[in-house]
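**Q** For reference, the structure I am asking about is given below.
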Amino acid sequence: MTYRISPLARDQFEPFFAMDDAELARHSAVRMIALQDSGYPCRVSLQDACAGERLILLNYVSHDVATPYRSAFAIFVRENAMQADPLVDITPPVFEGRPLSLRGFGKDGMLIDARLALPGQADTKIRDLFGNSDIAYIHAHNAAHGCYSARIDRDGETA
């Protein structure tokens, strides 16, 4: 069994990069500068921003389903982010060094099972969840802050 981790598409965030601060505020978003080399995980590049990089912090609906598990939360997108390719059987740099909440959902959008992955455990925990054939996809969230990190699918399958 292989899995694929998909970044968010940069083009859906392009309009935010051109907005001034007042426009961003009308969309409940803010422009920020990374203060250090970690702690600002970009969902497009799947890498942390470096100190001094500009980012947009905005609310993002990560699980747009008609169930009680519909989810939205704040995410970062680096203004100069290069679009990451999906990763097959490799965890992205943004997963390293932080605990993750891995939430396994069925095709109906209902939560089936979940795992806490401490740093270095993501691959094992992803494979463990996909050991349950009822789990159609996994959402990774940063455990401490709760924000969405990436979607994980069985390789060769999509929503």
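**Q** Tell me whether the range 2-14 contains one or more residues that are closer than 30 Å to Asp134 by Cα, surrounded by fewer than 21 Cβ atoms within 10 Å (Cβ to Cβ) and among the β-branched types (Val, Ile, Thr).
**A** Residues of the range 2-14 closer than 30 Å to Asp134 by Cα: 2-9.
When the remaining residues are screened for being surrounded by fewer than 21 Cβ atoms within 10 Å (Cβ to Cβ), the result is 2, 4, 6, 9.
Of the ones still in play, those that are also among the β-branched types (Val, Ile, Thr) are 2.
Taking every residue of the range 2-14 in turn, at least one turns out to be closer than 30 Å to Asp134 by Cα, surrounded by fewer than 21 Cβ atoms within 10 Å (Cβ to Cβ) and among the β-branched types (Val, Ile, Thr).
Matching residues to (1) surrounded by 20 or more Cβ atoms within 10 Å (Cβ to Cβ); (2) under 19 Å from Arg43 (Cα atoms); (3) more than 12 Å from the chain's Cα centre (by Cα):
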site: Ala66; (1), (2), (3): no, no, yes
site: Val77; (1), (2), (3): yes, yes, no
site: Leu100; (1), (2), (3): yes, yes, no
site: Gly106; (1), (2), (3): no, no, yes
site: Met110; (1), (2), (3): no, no, yes
site: Ile126; (1), (2), (3): yes, yes, yes
site: Gly131; (1), (2), (3): no, no, yes
site: Ala144; (1), (2), (3): no, yes, yes
site: Asp155; (1), (2), (3): no, no, yes
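**Q** Confirm whether Asp113 is in contact with a strand residue (DSSP E or B) (Cβ under 8 Å, 6 or more places away or on another chain) and in a loop (DSSP other than H, G, I, E, B).
**A** Here the answer is no, as Asp113 does not meet what is asked.
**Q** Need pairs with beta-carbon distance below 8 Å; first residue more than 19 Å from Val61 (Cα to Cα) and within the range 16-33, second surrounded by 12 or more Cβ atoms within 10 Å (Cβ to Cβ) and of a type in the set (Gly, Ala, Ser); sequence gap 6+ or separate chains.
**A** Met19/Ala29
**Q** Could I ask something else about it? Of the numbered conditions (1) closer than 15 Å to Ala150 by Cβ; (2) more than 16 Å from the chain's Cα centre (by Cα), Gln36 fails exactly one; give the number of that condition.
**A** All conditions pass for Gln36, except number (1).
Read the figures in this text as sums done on the coordinates, not as results from a lab. The shown structure was predicted, so the numbers you read here are calculated from the model rather than taken from an experiment. Positions of Cβ are backbone-derived with ideal geometry, glycine not excepted, and every protein chain shown enters the neighbour counts.
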